[in-house]
Each structure stands twice: as structure tokens, then as C-alpha cells.
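The values are calculated or read from the model by the stated rules, or taken from the named source; none is laboratory data. Since the model is a prediction, treat every value here as computed from it, not as a measurement. Neighbour counts are summed over all protein chains in view; Cβ atoms, including those assigned to glycine, are modelled from backbone coordinates with ideal geometry. For the accessible areas, the whole protein counts, side chains as well, though only heavy atoms, and no ligand, DNA or RNA atoms are used. Shrake-Rupley method; radii C 1.70, N 1.55, O 1.52, S 1.80 Å.
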Amino acid sequence: MTATVADRRAVRRTLPAVPAWWADVAVSVAVLSLLVVTALWTANRGVQELLAGPATGLTSLGRLAGLVSADLMLVQVVLMARVPLIERRFGQDRIAHWHRLAGFTSFHLLLVHVVLTTLGYAGTARQGVLAETWDLVVTYPGMLLATAALALLVLVVVSSVRAARRRLRYESWHLLHLYAYLGVALALPHQLWTGTDFVGSAAARAYWWTVYLLTLASVLVYRLGLPAWRSLRHRIEVAAVVTEAPGVTSVWLRGRDLHRLPARSGQFLLWRFLDGPGWSRAHPYSLSAPPNGNLMRITVKDLGDGSVRVVALRPGTKVLVEGPYGRLTGQHWRGGGVTMLACGVGITPLLALLWELPYAPGEAVLLYRARTPEDLAFRAELDQLAAERGLVVHHLVGPRARRPSWLPAYVEGMSDAEALRRLSPGIAAHDVFLCGPDGWVDAARAAARAAGVPDAHVHHERFAW
């Protein structure tokens, strides 16, 4: 499929701005929830029991650890519920980092809760730890479900450790990660039926019911409801499949009222292609051309994680979408000069931005890193942008350098920052957009900083899962 310049160059969409103070409000609410939990524990004789003796003290500390763990568990669920205000303000890479931090902290506190509570109950009952553990599991209401919840959360945490994630396909990791929702649900009856800080306090019951219901609503509305509504409304389907380079494939998509889909160049969506078994697995792919109301385009590199199916897609295949997400958009562009650094398939979101941004001839510079000439995708489009929009393109082709660098190995005797200044004169005053593998982005970001670009003017988003 071919497209004209007018097809590719869409009207710049301006997403509703999220006020700067929203970040402070969001963080304050999360911190306030932890303070409320601690205050409820204190009001329910938490401190008095802590000082009453070794056994009751262990039980009281275990209660507090469990309460904070449950609160953080709900915080991490809300973080990944794709709430638009949160997502647009912070971006998926920062949210994912906080989600990971909250998740591991919550899990460790959960283990502390289990250990301290068991030791405290064993001390009070004057029996062995193993016997007390058995009694807790088989005789206390909700404890069998809580034990199953713990097993599921252990599975999720183990699969989230970086060493394990490197061995798992994205689809497998994502499926295992969904068990966290089931773990949260199975842990709830234990708190409702036997939780001292729930059963014995009307204020605590009001708080916990409120946060559980708000968390459930955020998941139902933003993870399920909104994607289902957008998929039904826009009725997206595959229009054409085009090979751009070895192992790199573009998919053109058409649909109804795509101009109403709040997507911008640089953003990504989660795609489910209804082409047979495995359709339910979502794949995050960035837009490689600005949506123009009639067509959208994504570009996919075959990484062996299910993306190979894209090559076999047929025109007319129905598509479910979730999103758009991401903050790597033209909203950060201040006008004037812009430098974009892409590595490999990282060209995808930056190409869409190059079509969208209304820069003047000579104001935009693209530094495109690839291992071989055959790996350079969209050469015809980049030539067209150079001829018609005045884009300055530098292809940097060759094996990677032995040192951490965004440059190829053949560039010797020149620092990363010096190369940036030579290839993009005036870069210190530019907005800089980066997209590529994490290590390469880190090197490019460090080079931009050394070349005099303020951190606030360097824009990137990590897509690694």
C-alpha cells in the first residue's frame, strides 16, 4: 500500500493537558493511603499490643505489615489500570517502574506479615510454629484462599525477576502476570472474615471497602470497558501488510471514525489480531505514521515473541485495540530545532513524529543507527522527508562499538558528545527524541547531556517489559 504526503501528515492532535499539580496530587493520595492504614492500625490498639509483650507485639507488627502490603498491592493495581490522567502525566515507563517497586515491597511485607503473625499466634498459643501454621491454614476462615493467593503472588514475583523475564516470552510473562489479579481477589475474604483491623472497626471497614471498590472500578473501566468500547466504535481491521526491511513489517489499518481515536504520533497501542488461536494475547506496537482519520500504520520487528504472526496477517482481519499510551509525542516539542536518534526498529515512533511536527526545512535532524544497510527501514519515506520537508538524515551503519556508545564501531577517536555536535550543530538548543534498545538509549542520553542538552529537553520512553 502506498500513501501520499497528505495521507501521512495528519493534523496535530492536542490531547487534554494534565495540570502539573496533578503529579503532586497523585503522589499525595498514595502516601495518604499508607498514613490512613497506619492510623487505623494505631486506633485499633496497634501500639498498645506492640508494647504488651513479645507474642502480641509480633502479632501487632504482622498486622501492620499485612495492612501496608494490602494497600501497596492496590496501589500497584491502580498504577497499571491505564487510568488516562495517570498515564498521560507520568508515562508507562515511569508507571511500570513504580508498579514494580510497589509490587516487590508489597510482596516482602506480605512475607513479613505471614512470618510475624504466625510466630505471634504460636507464642500466644504456646505451641510450635509448624503446628500453629497448620491450624491457621485449616481452621481460620478464608485462610485456605489466602494461602492460594500467596502461592499465586509468589509465582508472579518469581516470573518478574529480571533473570526469569529474560527467559520468558512476552506472552508467557504477561499471562503469568495476570494471576496477580486473582491473588488479590483470593486474599480479600481473609481480610473480611478474620482481619482484626477490618472486623473490629467501622472506619476501617469503610476505608477498605472504598479502596477495594475504587480499584475494581479502575480495572473494569480502563482495562476492560474503554478498550472494548473503542474497539466496537472504530471497527479496526487490517488493510495491507508491507515488508519494510528484513524482519521488519508494516501493517496498515483502517477503521471507522479514526479521527476520534485520541492517538498521536509517538504513542503505542496494545493490539489483538483476531486471526486464530492466540488472538487474546496483546502486543504493544507503536504507530509509525500519524493517524489521519482513515488509516493508521504500525511497524513490527520479528523478535520471535509472536510478532512473526504479523507477516501472515490478511487484509480484513479484525483488530481489538487498547490505548493509546505513551508520552513520546510532539507535545514536548517547543518549536524550532529537533534532533531524533533512532536505533533499529526504534525508527518507528520517530518517523511518525517527523511526519507530524511542523518544523522548518533544516530544523530537523535524524541520526539513524543500524547494523547493516539492509536493516535500514523506510528509506524511501526518509528520502521524501528530506526532499519535501528539509529533513537532514544521517545513516550510521555498522557493528556496535566495543565501548558503551550510540555510535557504530568504525567511529574511532571521537567522543559520543563530539559526534552529536558535529552531526547536529546547535543540538544544545534542540529538543532531542530517542528510541531504541535500553543500553543504546542510555548511551545516547548521556551523549546528549554531555553535548549541552538539558535533561528536560531529552525525551524518551522505555518499552522493555
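How high is the relative contact order of the chain, given as a whole-number percent (alpha carbon pairs under 8 Å, six or more residues apart)?
Working: 775 pairs, mean separation 60.7, N = 465.
Relative contact order, the chain: 13 percent.
Quick one: if you stick a label point 7 Å off each Cα along the C-beta vector at E374 and L178, how many nm between them? Distance between label points: 3.7 nm. Mean residue ellipticity, 222 nm, helices only, the chain: the sum of -39500 (n - 2.57) across DSSP H runs of n ≥ 4, divided by residue count and rounded to 500, is -15500 deg cm²/dmol.
How would you classify region 240-301 from its alpha-carbon gyration tensor, with a ≥ b ≥ c the square roots of the eigenvalues: rounded for a/c under 1.5, else prolate if a/b is greater than b/c, otherwise oblate?
Values: a/c = 1.66, a/b = 1.21, b/c = 1.37.
Oblate.
Express as a percent, rounded to the nearest 5, the fraction of DSSP beta bridges in the chain (both residues included) that run antiparallel. Beta bridges within the chain, antiparallel portion: roughly 60 percent.
Hey, can you rank 95-107, 342-354, 120-132, 75-87 by average C-beta count inside 10 Å, highest first? Before the final figure, lay out each step's value.
Working: 95-107: 17.9, 342-354: 26.5, 120-132: 14.9, 75-87: 20.8.
Top to bottom by mean Cβ count within 10 Å: 342-354, 75-87, 95-107, 120-132.
For the chain, the residue among Y325, L423, L313 whose Cα projects farthest onto the positive side of the dipole built from Cβ charges is L313. Anisotropy class assigned to region 423-465 is prolate, per the alpha carbon gyration tensor with a/c at or over the 1.5 cut-off and a/b larger than b/c. Of all complete DSSP H helices in the chain, those with a Cα span along the helix axis of 30 Å or greater and a mean Kyte-Doolittle hydropathy of -0.5 or more are 21-43, 54-79, 92-125.
Annotation for region 396-426: trypsin sites (Lys or Arg not before Pro) lying in DSSP loop with at most 15 further Cβ atoms inside 10 Å of their Cβ are R402. Protein heavy-atom accessible surface, 1.4 Å probe, per residue over the chain: 46 Å². Farthest toward the positive end of the dipole of the chain, out of G57, A96, G200, is the Cα of A96, where the dipole comes from beta carbon charges about the Cα centre.
Taking a ≥ b ≥ c as the square roots of the Cα gyration tensor eigenvalues, with a/c under 1.5 meaning rounded and otherwise prolate when a/b beats b/c, else oblate, which class fits region 362-442?
On the way: a/c = 1.86, a/b = 1.24, b/c = 1.50.
Oblate.
For region 420-443, backbone nitrogen atoms closer than 19 Å to the point 7 Å from R449 Cα along Cα-to-C-beta are found at 420-421, 427-443.
Ordering M414, V397, A352 by Cα displacement along the dipole of region 331-465 toward the positive end leaves M414 in first place; charges were set at the Cβ atoms of Lys, Arg (+1) and Asp, Glu (-1). On the beta carbon distance between Q384 and R462, with R0 = 30 Å, the FRET formula returns roughly 0.50.
What is the dipole size for the chain, taken about its Cα centre, with +1 at each Lys and Arg Cβ and -1 at each Asp and Glu Cβ, in debye to the nearest 20? Before the final figure, lay out the partial values.
Working: 47 positive and 32 negative charges, 123 e Å.
Its charge dipole is roughly 600 debye.
Provide the gained length on full extension for the span T139 to D302, in nm with one decimal, where the gain is 0.36 nm per separating residue minus the Cα-Cα distance. Before the final figure, lay out the partial values.
Details: separation 163, 0.36 × 163 = 58.68 nm, distance 5.23 nm.
Between T139 and D302, full extension yields 53.4 nm more.
Counting only Cβ charges, +1 for Lys and Arg and -1 for Asp and Glu, the dipole size of region 409-453 around its Cα centre is about 160 debye.
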